[in-house]
Amino acid sequence: MESKRVTLFAGHYGSGKTNIAVNYALKLRADGKPVAIADLDIVNPYFRTKDSEKELTEAGIRLISSQYASSNVDLPALPQDVYSIVDNNTEYAVMDIGGDDRGAYALGRYADSLKKENNYEMFMVINMYRPLTRDVESTLEVMAEIEAACSMKFTAIVNNSNIGEETTAQDVLDSLGYADEVSKATGLPIRLTTVDEKLYNNLYGKVENLMPLRLQEKIN
Amino acid sequence: MSEKVLMKGNEAIAEAAIQAGCHHYFGYPITPQTEVAAYMAKRMPKIGGTFLQAESEVSAINMVIGVASTGKRVMTSSSSPGVSLKAEGISYLAGCDLPAVVVNVQRGGPGLGGIQPSQSDYFQSTKGGGHGDYRNIVLAPSSVQEMASLTVKAFDLADKYSMVSMILADGTMGQMMEPVSLDVGEVTKYEKPWALTGTKCEREHNIVNSLYLKPEELEIKNFERYEKYKAIEENEVMYEEYLMDDAEVCVVAFGITSRVAKNAINEARANGVKVGMIRPITVWPFPKKVLEAAADKCKAFICVEMSMGQMIEDVELAIRCKKPVYLCNRVGGMIPTPEEVLAKINEVNENGGAF
């Protein structure tokens, strides 16, 4: 899989960033690359990259995550190790950014280094079945807020439109027009359309750049 | 295209409140309910409503009293420690007979506790929490869809009886994402002749107050209020019965634990154990009658709770201690597993109970 050295996943709250980031990191690793994944979420203390710690570590992926993630306190702290991603450019890195502009503020402190190296992609994860990104206009609004908060620009779009367990192949197909419109309005390509692996066979050949997702399980 | 959207429980509460005509929200952030406030902050300016992050929970609930006095629909939300802070204001709302919706997305306690889910504010919400003789209507959703539909219901009941309705959720319900339909149907409008809307020199002043100088008057007011509560206990009880027709063991659980219990019950049924569930949807008014009727058919009850055993007291009262009631619980932010509930069902089925 062709990939820049650093891949950032940002987007609206609950759009599926963490799930996609974990799957993306596993895919990079399966290609034999040295990979680190960093959890930069300072908004949501519950659904975290750390929930997949076992799977990631077993795959040989370096997990950078706050010791407070998925614990009994809500401390929006960033681990110091995140700097190892921007300082060490021999390793591929996936960064999971917190939702909305509030989550993207945390990315801002690494923006200068990332821009200087200029070997990154920043993906906007979109889901038209989320009530606050139901149409192109509201999606563009969220994108602009995120870009302003982290001082970085998106380079591509990931269409993750789904309504959870009830998602049908048709729901995904129905979202393609919306994703195209977001793409046209921003001039950004749709790099991936991500679907629950159960829908993959159904949609294979019908959607470009389709990527199956194995859904993360929440650990208690 | 699906008409449903994918929402967090907290977001569903916020959007449903707006759909129900609530254009005034006052809150203060606390995990795990912050998404209610965050959602309101985004949506309210777009519909010309009011979102205000108060300087504290105490301040927020007093703002609620202000808007409620004008007859407008109003809501606040918090999580356990924050609801404790709101308790004084909730008592004043009760004393003033004002309608409002208060949401509690519970977390572990007591004290600061932790941010993981809990059901240990059952006493606080159903027995008072604040001072004085009063009740709140308390609705306990068990899905994101119910987070939406019961919020609409909460506004309706608050207006109908001029009192506080609470949504008693927990961290899991607030954080989980599920498909939800936001079609809330027709919203009933209630006349509020008592509201402070300005006399325009056309009527006597309305007064909203909870202070009574004469104890005789305060006594009458309390008696009147309890007549109203009696009518609510008669008319507004909501519950779900699950596989109760031939059940010999009756599980009682609300909210997230009812979902865990359902999985365990299905498993037990597959092994031939006759077990069912009564899920209170209103935890006040409590579904006493259906439980008492079940006590004549079942040999034992099991309360599945994320508390040290709070609802279990209401179950024992409702069934007048006719049958033994066992507790299956986890606390501190831990959720009982279906395996734990199943083990309890099997244990009670084999060794417990009495016909």
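Which order results if A:S70, B:S258, A:S161 are arranged by neighbouring Cβ count within 10 Å, fewest first? Don't skip to the answer; put the middle values down first.
Values: A:S70 19, B:S258 23, A:S161 27.
Ranking A:S70, B:S258, A:S161 by Cβ neighbours within 10 Å, fewest first, gives A:S70, B:S258, A:S161.
When A:R109, A:R48 are sorted by how many other C-beta atoms sit within 10 angstrom of their C-beta, beginning with the fewest, the order is A:R109, A:R48. Amide H contacts of A:M95: A:T7, A:L8, A:F9, A:A38, each under 5 Å away and 5 or more positions distant or on a separate chain (H built 1.01 Å from N in the peptide plane; Pro and chain starts excluded).
Report Rg(Cα)/(2.2 N^0.38 Å) for segment B:240-351, keeping two decimals. Present the calculation step by step, with values, prior to reporting the outcome.
Working: Rg = 12.4 Å, N = 112, 2.2 N^0.38 = 13.2 Å.
That ratio works out to 0.94.
Once every DSSP H run of n ≥ 4 in the protein assembly as shown is given -39500 (n - 2.57) and the sum is divided by its residues, what mean residue ellipticity at 222 nm do you get, rounded to the nearest 500 deg cm²/dmol? Dividing the helical sum by the residues of the protein assembly as shown leaves -12500 deg cm²/dmol. Taking amide H atoms as placed 1.01 Å from N in the peptide plane, the amide H of A:M211 lies under 5 Å from those of A:T193, A:T194, A:V195, each 5 or more residues away in sequence or on another chain. The HN-Hα couplings worked out from phi for segment A:101-106 by the Karplus form 6.51 cos²θ - 1.76 cosθ + 1.60 (θ = phi - 60°) are 5, 4, x, 6, 3, 4 Hz, whole numbers, x standing for Gly and Pro. Taking the Cα centre of the protein assembly as shown as origin and assigning +1 to Lys and Arg Cβ atoms and -1 to Asp and Glu Cβ atoms, the resulting dipole is close to 300 debye. Per Stokes-Einstein, at 25 °C and 0.890 mPa s, what whole-number D in µm² s⁻¹ belongs to segment A:140-220, with the Kirkwood radius over Cα pairs as the hydrodynamic radius? Rounded to a whole number, D works out at 176 µm²/s.
Of the options B:V325, B:G309, A:Y204, report the single residue whose Cα projects farthest towards the positive end of the charge dipole of the protein assembly as shown (beta-carbon charges: Lys, Arg +1; Asp, Glu -1). Result: B:G309. Classification of segment A:93-154 by its C-alpha gyration tensor yields a prolate form. The axis ratio a/c (a ≥ b ≥ c) is 1.5 or more, and a/b outweighs b/c.
Counting Lys and Arg as +1 and Asp and Glu as -1, what is the net charge of the other residues whose Cβ lies under 10 Å from the Cβ of A:K33? Intermediate results must be reported in sequence, preceding the final value.
On the way: positive: A:R5, A:K27, A:R29; negative: A:D31, A:E91.
After counting each charged neighbour, the total is +1.
Karplus-based coupling profile of segment B:126-138, in residue order and whole Hz: 8, 9, x, x, x, 8, x, 7, 6, 10, 10, 6, 10, with θ = phi - 60° in 6.51 cos²θ - 1.76 cosθ + 1.60 and x standing for Gly or Pro.
Would you list B:W194, B:W284 from fewest to most Cβ contacts within 10 Å? Before the final figure, lay out each step's value.
Values: B:W194 15, B:W284 23.
Ranking B:W194, B:W284 by Cβ neighbours within 10 Å, fewest first, gives B:W194, B:W284.
Below 26 Å Cα-Cα, how many Lys pairs turn up in segment A:6-210? Only count pairs eight or more apart in sequence, or on different chains, if you could. For segment A:6-210, the number of qualifying lysine pairs is 29.
Dividing the alpha-carbon Rg of segment B:53-192 by 2.2 N^0.38 Å yields what? The partial results should precede the final answer.
Details: Rg = 14.4 Å, N = 140, 2.2 N^0.38 = 14.4 Å.
In units of the 2.2 N^0.38 Å rule of thumb, it is 1.00.
Each residue of segment A:134-142 is assigned a 3J(HN,Hα), and the resulting list reads 6, 9, 4, 4, 5, 5, 5, 4, 4 Hz, derived from the Karplus form 6.51 cos²θ - 1.76 cosθ + 1.60 (θ = phi - 60°), x at Gly and Pro. Springs join every pair of Cα atoms under 10 Å in this Gaussian network model of chain B, and among B:E186, B:E204, B:E146 the largest mean-square fluctuation is at B:E204. For B:A100, the amide hydrogen comes within under 5 Å of the amide hydrogens of B:M163, B:V164, B:S165, counting only partners 5 or more places away or on other chains and with H modelled in the peptide plane. Within chain B, the longest run free of exposed loop sites, counting trypsin sites (Lys or Arg not before Pro) that sit outside DSSP helix and strand states (H, G, I, E, B) and have at most 10 other Cβ atoms within 10 Å, spans B:1-188. Between B:P280, B:P193, B:P29, the Gaussian network model of chain B with springs among Cα atoms under 10 angstrom shows the greatest mean-square fluctuation at B:P193. With Cα atoms as the point set, the protein assembly as shown shows a radius of gyration and Dmax of 25.6, 83 Å. Using the empirical formula 2.2 N^0.38 Å as the baseline, the Cα radius of gyration of chain B reaches a ratio of 1.01.
Taking beta carbons within 10 Å but only from partner chains, what does the mean come to for residues A:41-47? Mind showing how you got there, number by number?
Working: counts 0, 0, 3, 6, 7, 10, 3.
If you average over the peptide's residues, the count of other-chain Cβ atoms is 4.
Each principal axis of chain A carries a Cα extent, and these read 42, 36, 35 Å when sorted largest first.
All of the numbers you see were taken from the coordinates with simple rules; none came from a lab. What you see is a predicted model, and the numbers here were worked out from it, not measured in a lab. So basically every Cβ, Gly included, is an ideal-geometry build from the backbone, and we count neighbours across all protein chains shown.
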